[in-house]
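The values are calculated or read from the model by the stated rules, or taken from the named source; none is laboratory data. Remember, it's a predicted structure, so these values are computed and weren't measured experimentally. Neighbour counts run over all protein chains shown; Cβ positions are idealised from the backbone, glycine included. To get the accessible areas, we keep the full protein, side chains included, count just its heavy atoms, and leave off ligands, DNA and RNA. Shrake-Rupley method; radii C 1.70, N 1.55, O 1.52, S 1.80 Å.
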Amino acid sequence: MKDLSIIVIIPFVLGFIIQIFGSDISIIFYCFGIFLGFELYAKNERYKELKITYTRSLKELLNFDDNSSYMVFEFSKDRLLLSSDFLCSWFYWSDFIEFKIIKSNLLLFEKDNSQNILVISKCELKEGEFEEILKFIGEKIN
């Protein structure tokens, strides 16, 4: 912000020096300095607004109640259905190339997009369901 203030001061100083030497062109420098001053003020106000909005959004995310939103997994013979408050999508078993288990997490890798990995954690499921799902998926994938 201080660097931008210096940029606003420079046209005024140049205008003053030019006015001392008796030229009328100094008015252009004064007007340019005033214009830069308004732009600096507007930019500073936009920055403050965005910062306040960002801070509020961040606070809302941090205070987000985890119990209010959940993901439902439906395993059927031909596809996996995922649904939540904001999402509903499905994957056919033929869409997955392989699965891995890493640290009590089931990783499902898609064929078409190797960077798309669906992760289902053991802690998201009821006790005993994880093993049933692993057995089921082992039959569907491979």
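Residues that are modelled with pLDDT of 85 or more and over 16 Å from Asn142 (Cα atoms), at least 2 per element: which strands (runs of 3 or more DSSP E) completely within region 61-130 meet that?
Once the strands (runs of 3 or more DSSP E) in region 61-130 are filtered for at least 2 residues that are modelled with pLDDT of 85 or more and over 16 Å from Asn142 (Cα atoms), what remains is 72-75, 79-83, 88-92, 117-121.
Test Glu39 against the criterion of being surrounded by 12 or more Cβ atoms within 10 Å (Cβ to Cβ), among the charged types (D, E, K, R) and assigned to a helix (DSSP H, G or I), and give yes or no.
Yes: the conditions hold for Glu39.
For (1) open to solvent by less than 90 Å² (accessible area, probe 1.4 Å); (2) under 22 Å from Lys126 (Cα atoms); (3) β-branched (Val, Ile, Thr); (4) touching an Asp or Glu at 6+ places or on another chain (Cβ under 6 Å), each residue gets a yes or a no:
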position	(1), (2), (3), (4)
Ile34	yes, no, yes, no
Tyr47	no, no, no, no
Lys51	no, no, no, no
Leu58	yes, no, no, no
Met71	yes, yes, no, no
Leu82	yes, yes, no, no
Phe86	no, no, no, no
Looking only at region 30-47, decide whether some residue is within 28 Å of the chain's Cα centre (by Cα) and either within 30 Å of Glu139 (Cβ to Cβ) or among the β-branched types (Val, Ile, Thr) (or both). no
Being of a type in the set (A, V, I, L, M, F, W, C) and in a loop (DSSP other than H, G, I, E, B) is the filter; apply it to region 16-32 and report the residue that is most open to solvent (accessible area, probe 1.4 Å). Phe21
